[in-house]
Amino acid sequence: MKFTQLPGTLDVEIVVGDEVAMSVDFDRDITGYTLEAPIYATQVFATGVGGVGAATAVGETVDNWAIAVTDAANGTVALGLDEQQTGGLDPAVNYRWFFRWVDTSGYTRTVLSGALSVRSP
């Protein structure tokens, strides 16, 4: 017997300097939930670069997705990164991201996670 509670996998590939917008639907009422979606470095090839997206340590949060609840009753959320945010991410750094919520009773759950790959145009 085995119990597993793991987030769904959603890998994202983007181009440096592009605006990114996506929508996710959780099929549950998320009214009153606290939401977060950080991007963090998993492997750093260069340090001391500075600026948005520059990572100096593995596990360091380098940015956060903008989160807009578009339909709380149906669990629809828009996630976005603007051009400045993606422009600050470095193709030489490996990133991951996750989406976590805390429901109205205080229960914390990471519901999505994945690799965030950054490419030059």
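Among L116, Q43, W97, whose Cα projects farthest towards the positive end of the dipole of the stretch 8-119, with charges put on the beta-carbon of Lys, Arg (+1) and Asp, Glu (-1)?
Looking along the dipole axis, the top candidate is Q43.
Read phi for every residue in the stretch 73-88 and hand back ³J(HN,Hα) as whole Hz from Karplus 6.51 cos²θ - 1.76 cosθ + 1.60, θ = phi - 60°, with x for Gly and Pro.
4, 9, x, 9, 10, 9, 10, x, 10, 8, 4, 5, 5, 5, x, x
State to the nearest 20 debye the size of the charge dipole of the chain about its Cα centre, where the only charges are +1 on K and R beta carbons and -1 on D and E beta carbons. Provide the component values of the computation, followed by the final result.
Numbers: 6 positive and 15 negative charges, 103 e Å.
It works out to roughly 500 debye.
For the chain, what is the calculated [θ] at 222 nm in deg cm²/dmol (nearest 500), taking -39500 (n - 2.57) for each run of four or more DSSP H residues and dividing by its residue count? Please list the in-between numbers first.
Working: 1 runs with 5 residues, N = 121.
That comes out to -1000 deg cm²/dmol.
Under a crude label model (7 Å from the Cα following the beta-carbon direction), how far is K2 from A68 in nanometres?
Between K2 and A68, the simple spin-label model gives 4.1 nm.
Share of antiparallel DSSP beta bridges in the chain, in percent to the nearest 5?
On the way: 29 of 35 bridges.
Expressed as a percentage, antiparallel bridges in the chain total about 85.
Along each of its three principal axes, how wide is the spread of alpha-carbon positions in the chain, in whole angstrom units, largest first?
In descending order, the Cα extents are 41, 36, 21 Å.
Given the Cα-Cα distance of A21 and R119 and 0.36 nm per residue of separation, how much length would full extension add, in nm? Display every interim value, and only then the final one.
Values: separation 98, 0.36 × 98 = 35.28 nm, distance 1.65 nm.
Additional length available on full extension: 33.6 nm.
Pick from Y33, Y107, Y95 the residue whose mean-square fluctuation is largest in a GNM of the chain, springs joining Cα atoms under 10 Å.
Y107
Could you pull out every residue, at least 5 positions away or on a different chain, whose amide H is within less than 5 Å of the one on G75? Hs are placed 1.01 Å off N in the peptide plane, and Pro or chain starts have none.
Sorted by chain and number, the residues that satisfy this are R28, I30.
Values in this text are rule-based calculations from the coordinates and carry no lab data. Keep in mind the model is a prediction, meaning the values are calculated, not measured. Here Cβ is always computed from backbone atoms with ideal geometry, including for glycine, and neighbour counts include all displayed protein chains.
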